[in-house]
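Notes to accompany the following structure.
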Amino acid sequence: MARMTARAGRTIAAVIGAITLAGCHFAVVPPKTTASPKTTASPSAASVPAADAPMQRLADAPALLVQCAIDRAGLRPAAGQDWIADGKVSINTTNAADFNAWWRAHDTPGPYLETFVIDGHRTHYLSFGATWITKNGQWVPQHTGRTDPVAEQESLYGWTTWAALNNKLPPAVCGTSVTAQQLQAQVYGSGVASPWTT
């Protein structure tokens, strides 16, 4: 059984890795169904079948990471976005396409017109876990090219893949005070299936 689980995990990691290496953008959508309650300690907790969980996390992680960037890096999406209110991301079937369009415009390291505070540095880049340097009087990540693999790994897009593979939020983006399950319930609602098990 352990061999089968390890093999399935490697297969899922390979699929996610191939998507990332190909530069493909995945669809950012809310969980598609509500799940029946677990029979464990929390009768209201919903679950996702284990085989579907990594791909579900890959789809759900962008909104969770955007919430982290709002909370920790000063990300402020432009006014009028229907998927955010009072600094809280809320994704549903009505606004998922709008969030997806915004995500595709902001999932690279940058630079962007707006500034953010990341690791104590005011910057035009959405880069997390980066080594920061000053260039022309501004803080920039050491790796900035859109085709630079390190810059890609440090982008929100790269951290989405990391979250899906590791079944948790990356501390470089989200810190350690919130769990994926907590943000999943906040962003997608507590009645939907959660692919996060840790």
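Between Ala78 and Val178, the modelled label-to-label distance comes to 2.4 nm, taking each label 7 Å out from Cα in the direction of the beta carbon.
Taking all protein chains into account, the per residue accessible area for the range 117-172 stands at 50 Å² (1.4 Å probe).
Taking a ≥ b ≥ c as the square roots of the Cα gyration tensor eigenvalues, the range 64-112 comes out oblate, since a/c reaches at least 1.5 and a/b does not exceed b/c. Qualifying trypsin sites (Lys or Arg not before Pro) in the range 92-198, where qualification requires a DSSP coil assignment and no more than 11 other C-beta atoms within 10 Å, comprise Arg146. Charge tally around Arg76: other residues with Cβ under 14 Å, Lys/Arg +1 each, Asp/Glu -1 each, net 0. Spin-label pair Asn92-Lys135: with each label point 7 Å from Cα along the Cα-Cβ axis, the two points sit 4.3 nm from one another.
The values are calculated or read from the model by the stated rules, or taken from the named source; none is laboratory data. Keep in mind it's a predicted model, so treat the numbers as computed, not measured. FYI the Cβ positions are ideal-geometry reconstructions off the backbone, even for glycines, and counts take in every protein chain you see. For accessibility, only protein heavy atoms count, side chains too; no ligands or nucleic acids. Shrake-Rupley method; radii C 1.70, N 1.55, O 1.52, S 1.80 Å.
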